[in-house]
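Undergrad: Below you'll find the structure I mean.
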Amino acid sequence: MVSGLEGNTRLKRFVIAVGGGKGGTGKSLLSANLGIALAELRQHVIVIDLDLGGANLHTCLGIRSPKATLGDFLNKKVGKIEKILLPTPIPRLKLINGSNDPLEIANLPYAQKIRLIKQFKNLQADFIILDLGGGTTLNVLDFFLTADYGIIVAIPEPTSMENASLFIKCFMMRHLKRLLKQFPIENIQDRIKDPGNRDSVRTFRDLLRLIRSFDKAGARKIETKLEYFKFGLIMNKLREHSEAQIGNSYQSMIRRCLGIQMDYLGPITHDEKIPSSVKKFQPLLVGHPHARASHAIRLIAKRILGMDQLVSPLHEGASLYTQQKTKKSRPEILHDINKKKSV
Ligand SMILES: Nc1ncnc2c1ncn2[C@@H]1O[C@H](COP(=O)(O)OP(=O)(O)O)[C@@H](O)[C@H]1O
Ligand SMILES: [Mg+2]
């Protein structure tokens with residue numbers, strides 16, 4: 001338990017997911033140090049390692065062998081997620097450690113995932129930061145979808161930016177699929193499958209256009225909900241001065257191609273102190289508080305604290321998973337479309 005915080009209604013309980021499709025871009029490093037930076041700003045923070053099978057957030061926080069893991073919650077050794085909250089050396093910062101035990105996490109069943117998701121919002125903190133794994137598996141996308149705000153961490157390499165774009169596209173498809181359960185559009189499956197329509201649907205925007213042509217009011221509701229989800233972008237490991245603009249260019253490209261406006265939260269320079277501090281089990285912000293990367297992360301934390309969404313998050317996050325299932329609501333077709341399109 002976060003002692004003394006139970007039932008504190010003034011806590012923001014704002015969930016931030018950190019993802020981006022590719023491994024090694026700095027998601028765990030950022031999650032850990034953003035947690036520290038927010039805690040330094042007197043926020044109560046919980047960081048959760050949701051990289052199933054690749055959990056190493058504790059290492060970025062300088063914790064060698066955490067006592068409790070997410071596995072204890074998933075295999076029902078404990079009933080409440082609060083029971084696996086661990087203290088960290090940083091005041092106001094707690095950790096929920098991930099699990100690397102294949103028996104505990106292999107193919108996390110849907111029911112377990114929902115159980116986990118439902119408990120996120122009950123955690124007593126101002127900020128709950130979800131450190132996600134790479135890839136675009138349904139688990140990763142669904143965890144991202146539960147957040148009030150999603151941060152994409154990319155690095156200035158074509159493969160990373162391609163993966164980040166793919167992640168955003170897969171995420172939007174997954175989000176749309178959930179929204180179609182909430183706002184069913186009559187015969188949507190059959191209408192999309194209709195050969196006359198199917199060939200014209202190549203991108204996410206085509207799909208929205210098609211839905212709009214069937215049901216203008218329904219499509220508007222869905223589009224509004226889609227717009228409520230806000231993305232932030234962090235470009236990490238920038239090496240040269242010439243790379244300074246890459247975040248802005250990538251942000252424009254995503255707006256042009258996918259119609260999504262991301263907040264550019266900022267660049268973080270490549271810094272050899274980072275891997276060496278991880279090796280020493282020393283969090284970056286603690287071991288090198290004045291490094292450029294540390295300043296950049298503190299600036300990002302301040303930007304997040306100043307965001308409008310903190311006052312009234314409109315995205316429904318975890319509640320998307322507590323909706324009643326409707327009978328005719330299995331838009332598998334969205335997966336096919338997802339495979340076909342490219343940015
Ligand atoms: N700005 C940076 N400069 C140098 N190394 C970095 C930077 N950000 C992260 N790293 C290093 O990159 C590696 C991968 O980071 P990590 O946070 O584990 O990535 P992810 O969680 O996205 O897989 C780690 O060794 C980390 O120390
Ligand atoms: Mg990681």
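Undergrad: Filter region 55-68 for residues that are of a type in the set (Gly, Ala, Ser) and within 16 Å of ligand 1 (Cβ to nearest atom); which is surrounded by the most Cβ atoms within 10 Å (Cβ to Cβ)?
TA: First, the residues of region 55-68 that are of a type in the set (Gly, Ala, Ser): 55, 62, 65, 68.
Still in the list and also within 16 Å of ligand 1 (Cβ to nearest atom): 55, 62.
On the way: ALA55: 23, GLY62: 19.
Looking at residues that are of a type in the set (Gly, Ala, Ser) and within 16 Å of ligand 1 (Cβ to nearest atom), I get ALA55.
Undergrad: Just to be sure, is ALA39 more than 13 Å from ligand 1 (Cβ to nearest atom), part of a helix (DSSP H, G or I) and modelled with pLDDT of 95 or more?
TA: Details: more than 13 Å from ligand 1 (Cβ to nearest atom): yes; part of a helix (DSSP H, G or I): yes; modelled with pLDDT of 95 or more: yes.
Judged against the criteria, ALA39 is a match.
Undergrad: Taking the residues in region 221-244 that are loosely packed, with under 13 Cβ neighbours inside 10 Å and out of contact with any strand residue (DSSP E or B) (no Cβ under 9 Å at 6 or more places or on another chain) as candidates, determine which candidate is nearest to SER312 (Cα to Cα).
TA: So in region 221-244, the residues loosely packed, with under 13 Cβ neighbours inside 10 Å come out as 224, 239-242.
In the following step, the residues that additionally are out of contact with any strand residue (DSSP E or B) (no Cβ under 9 Å at 6 or more places or on another chain) were identified as 224, 240-242.
Values: THR224: 15, GLU240: 38, HIS241: 37, SER242: 38 Å.
Filtering first and then ranking leaves THR224.
Undergrad: Would it be correct to say that MET253 is touching a helix residue (DSSP H, G or I) at 6+ places or on another chain (Cβ under 9 Å) and loosely packed, with under 15 Cβ neighbours inside 10 Å?
TA: On the way: touching a helix residue (DSSP H, G or I) at 6+ places or on another chain (Cβ under 9 Å): yes; loosely packed, with under 15 Cβ neighbours inside 10 Å: yes.
Answer is yes for this residue.
Undergrad: Condition (residue is touching a residue at least 40 places away in the same chain (Cβ under 8 Å), more than 16 Å from ligand 2 (Cβ to nearest atom) and assigned to a loop (DSSP other than H, G, I, E, B)) applied to region 51-63: is it met by at least one residue?
TA: Taking every residue of region 51-63 in turn, none turns out to be touching a residue at least 40 places away in the same chain (Cβ under 8 Å), more than 16 Å from ligand 2 (Cβ to nearest atom) and assigned to a loop (DSSP other than H, G, I, E, B).
Undergrad: In contact (Cβ under 8 Å) with a residue 40 or more places away in the chain, of a type in the set (S, T, N, Q), more than 15 Å from MET235 (Cα to Cα) and crowded, with 24+ Cβ neighbours inside 10 Å, is that true of THR146?
TA: Numbers: in contact (Cβ under 8 Å) with a residue 40 or more places away in the chain: yes; of a type in the set (S, T, N, Q): yes; more than 15 Å from MET235 (Cα to Cα): yes; crowded, with 24+ Cβ neighbours inside 10 Å: yes.
The answer is yes for THR146.
Undergrad: Provide a single number: the residues in region 69-83 that are surrounded by 17 or more Cβ atoms within 10 Å (Cβ to Cβ) and either away from ligand 2 (no atom under 16 Å from the Cβ) or within 18 Å of LYS279 (Cβ to Cβ) (or both). Break it down into steps so the answer makes sense when it comes.
TA: Going residue by residue through region 69-83, those that are surrounded by 17 or more Cβ atoms within 10 Å (Cβ to Cβ) are 69-74, 81-82.
Cutting the leftovers down to either away from ligand 2 (no atom under 16 Å from the Cβ) or within 18 Å of LYS279 (Cβ to Cβ) (or both) gives us 71-74, 81-82.
Counting residues in region 69-83 that are surrounded by 17 or more Cβ atoms within 10 Å (Cβ to Cβ) and either away from ligand 2 (no atom under 16 Å from the Cβ) or within 18 Å of LYS279 (Cβ to Cβ) (or both) gives 6.
Undergrad: May I pose another question? Inside region 185-205, can you point out the residues that are closer than 23 Å to GLY259 by Cα and either of a type in the set (A, V, I, L, M) or touching a residue at least 24 places away in the same chain (Cβ under 8 Å) (or both)?
TA: In the first step, residues of region 185-205 are kept if they are closer than 23 Å to GLY259 by Cα; the result is 185, 188, 192, 197-205.
Answer for region 185-205, where residues must be closer than 23 Å to GLY259 by Cα and either of a type in the set (A, V, I, L, M) or touching a residue at least 24 places away in the same chain (Cβ under 8 Å) (or both): ILE185, ILE188, ILE192, VAL201, ARG202, THR203, PHE204, ARG205.
The values are calculated or read from the model by the stated rules, or taken from the named source; none is laboratory data. No experiment lies behind these values; they were computed from the predicted model shown. Because the Cβ atoms are built from the backbone with ideal geometry, glycine has one as well, and the counts that use them run over all protein chains shown.
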